[in-house]
Amino acid sequence: MFDKGKVIAGIVIFFVILLIPFWYNAVTGKAGYAPELKPGTDAKECVEKTSFMKEKHTELLTKWKEAVVRNGEREYRASNGKTYVMSLTGTCMGCHTNKEQFCDRCHNYTNVKPYCWDCHNVPKVVKK
Amino acid sequence: MYLLYSLILIVIIILVGYIGAGILGWYTLFSIIAPYFALGVFIVGFIYRIVLWARSPVPFHIPTVCGQQHSLPWIRSDTTESPHTAWGVVSRMALEVLLFRSLFRNDRAEFRQPQRLLYGGNRWLWLGAMVFHWSLLVILLRHLRFFVEPVPGCITFLQYIDGFFQWPLPSFYVTDILIVAALLYLFCRRLFNPQVRHISLLSDYFALLLIGGIAVTGILMRHFYKVDLMEVKRFFLGILSFNPVVPEGIGTIFYIHLFLVSVLLAYFPFSKLMHLGGVFLSPTRNLMNNSRMVRHVNPWDYPVKVHTYEEYEDEFRAAMKEVGLPVEKNE
């Protein structure tokens, strides 16, 4: 092999960079980590089915926002027949009282940074 | 024809992912075995190809330069375009790898009016290539959010810049649009430019379509067929710590995306995409233009058996004299 030193150094550098995900988590000690979510409510179910909420709560929130802001409707009929007031702070955070232990944990994990809280209020956590 | 074949191939790959994971539910195969296998093939194949290239000798000193060579002190030489030092080569290489310098120099000759040959710069290919590769880099870096924990601030920053428009919810990424546009351009160039079409092979279309397929499934997954990203990250942290858990309840589109990426990884070392490593090994770029200072010895050189004139004359002197031919040594 010609220029052995340089070629091997190049390959090593390339793979150290490429395989960051393999060693990074081992270094930070978070390999295989997943956060624990605390809904923060005694209710049994969310506005919609849990699987739907996990995947599509952004869609639901968009729908709510548009219904309220553009159409002036404030009542939402969920698919299980219950009605909810369409309010981010009031309804969502009314059940999920502790944002840090619920929304934030999940969002930090997947590195989502909602900017909604620039305007919308987060209710104070009531210590039980 | 090649286009048709590569289209069929892509459709087959997508269908395999769809049927295998979505209908038959072979999650272990598609989410664990295929990615590990593909990564293994990638690593071994990549090293193999590089070593193979590094073992091939460069018989001639062939840097192709476009600047004044270093010679006498009072002649100004161009240290990047015609480097004679190692740092010069590094800067030239950096320009090539990061900004595609040689593609920027792309010229085109064409007949406009009868008998009039016009030369002009043709930078569209350069622009398309730049947009594509840089978008790809940003997209790859953004994906780190699913692979590492905690996510470093620079990745969050990149994500924030890329999602600058904050619309819709979740915001579209600028690079997503750019990469699709660039791929479309590169693809249409192959389709509609007759010269380029003539030299396009199956592997050219296939690589474009495969990467395009990955981009499109990724965008669909972000905006239309949403999946549970928390489960996705949990799955990746598992597989990355060699503790794979078969993921639960992630939409089929995720498996198709993952399977396309696995195919790309496994295909990579055998394809033209190896220009990722190959660009660093191109002798026309990575040699110094120092042929007036250092003698380049052909590594292939072996001692050639020669027969000099002196030896020839020694051998045939008697016969030469006899027929009256002039000889150099008379004894």
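Over the stretch B:1-60, the reciprocal of the mean inverse Cα-Cα separation, the Kirkwood hydrodynamic radius, stands at 14.4 Å.
Taking every protein chain into account, the 1.4 Å probe leaves residue B:66 with about 50 Å² of accessible area, to the nearest ten. Each listed q (0.06, 0.10, 0.14 Å⁻¹) maps to a log10 I(q)/I(0) for the protein assembly as shown, found by the Debye formula over equal Cα scatterers with no solvent: -0.42, -0.93, -1.45.
Return one number: the angle in degrees, 0 to 90 and rounded to the nearest 10, between the long axis of the Cα atoms of helix B:153-162 and the longest principal axis of the Cα atoms of chain B. On a 0 to 90 degree scale, this one is about 80. The largest accessible area among B:48, B:5, B:185, B:205 belongs to the first residue in B:48, B:5, B:185, B:205, and the rest follow in falling order (1.4 Å probe, all chains). Between the stretch A:73-116 and the stretch A:23-64, how many Å separate their Cα centres? Using only Cα atoms to place each centre, the spacing works out to 11 Å. The fraction of accessible area contributed by carbon and sulfur in the stretch B:2-300 is 71 percent, rounded to a whole number (1.4 Å probe; ligands and nucleic acids excluded).
Counting every alpha-carbon pair across the stretch A:37-128, the share separated by more than 15 Å comes to 64%.
Residues of the stretch B:33-80 that bury at least 10 Å² of accessible area when the other protein chains are present, relative to the chain alone (probe 1.4 Å, heavy atoms, ligands and nucleic acids excluded): B:39, B:42, B:43, B:46, B:47, B:50, B:51, B:54, B:55, B:57. Comparing B:224, B:206, B:146, which has the greatest mean-square fluctuation in the GNM of chain B with Cα pairs linked when under 10 Å apart? For chain B, modelled as a Gaussian network with Cα springs under 10 Å, the answer is B:224.
With respect to chain B, whose longest principal axis is taken over its alpha-carbon atoms, helix B:174-192 is tilted by about 50°. Among B:239, B:219, A:13, B:19, the order of accessible area from largest down is A:13, B:19, B:219, B:239, computed with a 1.4 Å probe on protein heavy atoms. A Förster radius of 41 Å, combined with the Cβ-Cβ distance separating residue A:14 from residue A:122, puts the computed FRET efficiency at roughly 0.40. When the C-alpha to C-alpha distance is required to be over 21 Å, the pairs from A:38/A:65; A:30/B:233; A:113/B:233; B:305/B:329; A:56/B:233 that qualify are A:38/A:65; B:305/B:329.
In this structure residue A:89 has an accessible area near 40 Å², from a 1.4 Å probe over the protein heavy atoms. Surface burial for B against A, with a 1.4 Å probe and both sides summed, reaches about 3400 Å² of accessible area. Mind checking which aspartates and glutamates have their Cα closer than 19 Å to the Cα of residue B:272? Skip sequence neighbours fewer than 8 apart in that chain. Cross-link targets: B:96, B:204. Taken over chain B, the alpha-carbon convex hull comes to 291 cubic angstrom per residue. Distance from the alpha carbon centroid of the stretch B:11-62 to that of the stretch B:190-227 works out to 18 angstrom.
Label point of residue A:45 set 7 angstrom out along Cα-Cβ; within the stretch A:59-101, amide nitrogens under 18 Å from it belong to A:60, A:76-85, A:92, A:95-96.
Overall, the ratio between the Cα radius of gyration of the stretch B:1-157 and 2.2 N^0.38 Å, rounded to two decimals, is 1.57.
For chain B, the longest principal axis of the Cα atoms and the long axis of helix B:86-99 meet at an angle of about 40 degrees. Of the trypsin sites (Lys or Arg not before Pro) found in the stretch A:5-105, those in coil by DSSP whose Cβ has at most 11 other Cβ atoms within 10 Å are A:44, A:82. Once the partner protein chains are put back, the stretch A:25-49 shows a loss of at least 50 square angstrom of accessible area, versus the chain by itself, at A:25 (probe 1.4 Å, ligands and nucleic acids excluded).
Inter-part distance, the stretch B:117-132 to the stretch B:289-330, computed on C-alpha centroids, equals 52 Å. The trypsin sites (Lys or Arg not before Pro) of the stretch B:1-84 meeting both criteria, a DSSP state outside H, G, I, E and B (loop) and at most 11 other C-beta atoms within 10 angstrom of the site's C-beta, are B:76.
Counting only the Cα atoms, the stretch B:145-222 fills a convex hull of 119 Å³ per residue.
The values are calculated or read from the model by the stated rules, or taken from the named source; none is laboratory data. Everything numeric here is computed off the predicted structure, so don't read it as measured data. Every residue, glycine among them, receives a Cβ derived from its backbone with ideal geometry; neighbour counts consider all protein chains shown. Calculation scope for accessible area: heavy atoms of the full protein, side chains included, ligands and nucleic acids excluded. Shrake-Rupley method; radii C 1.70, N 1.55, O 1.52, S 1.80 Å.
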